[in-house]
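Here, each number is a calculation from the coordinates, and none is a lab measurement. What you see is a predicted model, and the numbers here were worked out from it, not measured in a lab. For neighbour counting, all protein chains shown are included, and Cβ atoms are generated from backbone atoms with ideal geometry for every residue, glycine included.
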């Protein structure tokens, strides 16, 4: 299991930039899988705490039920538009993917809380008028790609 602390140690610059992206607004976008396999997107709050990342959910929320059935998730940071006169000043957008594990009493009717096992971290931003994609994958490490 890769905790956020593991990502911070393996890719400190990337993890700091990703944290900034998640801090720009309160609500991120979570992708889960419905029972039939179709994707579902939902708003969610993300908490970085003690070297881990957590998601919260209201009691009985379908996104929590999705994660109980199939732990795979993709999480997209809140976004803001790049400054039109200086796209390189944009912090970018970040994505996390992996497996979510419910913590606490899974039979409880109170809020759901999930600990994220991070398998992939991606930061997309503009550098030198080129799109720069920085990624970290568990087992593969850090990579940086650019596109014109």
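Assorted remarks:
- 222 nm mean residue ellipticity, helices alone, for the chain (DSSP H n ≥ 4; -39,500 (n - 2.57); rounded to 500): -5000 deg cm²/dmol
- Cβ-derived FRET efficiency at R0 30 Å, residue 120 paired with residue 61, nearest 0.05: 0.80
- Our estimate of slack between residue 20 and residue 129, defined as 0.36 nm per intervening residue step minus the Cα-Cα distance, is 37.1 nm.
- Compactness of the chain, taken as the C-alpha radius of gyration over 2.2 N^0.38 Å, stands at 1.08.
- Mean-position separation - Cα centroids, segment 82-148 and segment 42-78, in angstrom: 14
- Percentage relative contact order, the chain, counting C-alpha pairs under 8 Å, at least six apart: 23
- Counting only alpha carbon atoms, the long axis of helix 12-22 and the longest principal axis of the chain meet at about 70°.
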